[in-house]
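These notes concern the structure reproduced below.
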Amino acid sequence: MKNLVILISGRGSNMEAVVRACAHEAWPARIAAVIANRPDAAGLMFAASHGIATAVVDHRQYSDRAAFDAALAQVIDGYQPDLVVLAGFMRVLTDGFVAHYSGRMLNIHPSLLPSFPGLKTHQQALDAGCRVHGATVHFVTPTLDHGPIVLQSAVPVCAGDDAAALAARILKTEHVIYPRAVRWFVEGRLALDGERVTLTPPEPQWLFLDDTNANAKDNANAQAAGEGA
């Protein structure tokens, strides 16, 4: 039974997706705690309502990033985590913090990394004239929004899209791929090989959302249809 600790800053919709998938799919894991850096993070109420321990480490109470990270790590480690899951945790982490959880901390970023790290990714994609955009689950490394890629999702960029419309379309896929990636970790199926992630046994590590019917389809299904044609 693996212990998962989830970090949030706001609503934590990806946290909700992980919590629900863990329960529905009966993972050999438990959500040990949900921790926020803001006392008003709405996701804390959801976690508490599902019987999950919650904690707040308010970054505004610390003089610098290193002091905050040290306090945060102390709280996290109290739950003996096998995996730390960043779910909309809007803090840049120090190298020491990242090293402490090396190989056991995942993040989801709303772009097809390595493209568009940082903020306002959807507007960046629109400004660049991208025809597809998406999200990436990756292991966290000291470089911001960088690290071995576990799973990606992609959606078409449609005529008339603004950043909000594109974000909403991508969020649907985030709620699919993040629980899937976390489950793979829980099942011991992920291995790091330098900058690459190996999944055993192999299965598709990307997902495409066909926006014409709003159904998520694995590339395996698309390939199977093509091979059968």
Would you point out the residue of segment 60-100, among those that are over 20 Å from the mean Cα position of the chain (by Cα) and among the hydrophobic types (A, V, I, L, M, F, W, C), that is nearest to residue 184 (Cα to Cα)? 75
When you check residue 86 against the structure, is it crowded, with 17+ Cβ neighbours inside 10 Å, of a type in the set (A, V, I, L, M, F, W, C), in the same structural domain as residue 14 (by TED's automatic domain parsing) and within 20 Å of residue 13 (Cβ to Cβ), yes or no? yes
What are the residue pairs meeting all of these: first residue in segment 1-21, first residue in the same structural domain as residue 91 (by TED's automatic domain parsing) and in a strand (DSSP E or B), second residue surrounded by fewer than 24 Cβ atoms within 10 Å (Cβ to Cβ) and of a type in the set (Lys, Arg), Cβ atoms under 9 Å, and 6 or more apart or on different chains? 2/30; 3/30; 4/30; 7/91; 8/38
Scan segment 135-174 for residues that are without any contact (Cβ under 8 Å) to a residue 40 or more places away in the chain, of a type in the set (Ser, Thr, Tyr) and under 26 Å from residue 203 (Cα atoms) and report the count. 1
Among the residues of segment 126-138, write down those that are within 19 Å of the chain's Cα centre (by Cα) and either at pLDDT below 95 or under 14 Å from residue 164 (Cβ atoms) (or both). 133
Every residue in segment 73-83 that is in contact (Cβ under 8 Å) with a residue 60 or more places away in the chain and not charged (D, E, K, R), please. 76, 79, 80, 81, 83
Does segment 60-70 include one or more residues that are crowded, with 19+ Cβ neighbours inside 10 Å and not aliphatic (A, V, I, L, M)? yes
Condition first: polar (S, T, N, Q), assigned by TED's automatic domain parsing to the domain that holds residue 1 and farther than 27 Å from residue 177 by Cβ. Can you find one or more residues in segment 27-46 that meet it? no
I need every pair where a residue in segment 48-60 that is closer than 12 Å to residue 19 by Cα and in a helix (DSSP H, G or I) has its Cβ under 6 Å from the Cβ of a residue that is at pLDDT 95 or above and of a type in the set (Ser, Thr, Tyr), sequence separation at least 6 or different chains. 48/54
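The values are calculated or read from the model by the stated rules, or taken from the named source; none is laboratory data. Every value quoted in this text rests on a predicted model; they were computed, and no experiment measured them. Cβ sites come from the backbone with ideal geometry, for glycine too, and all protein chains shown count toward neighbours.
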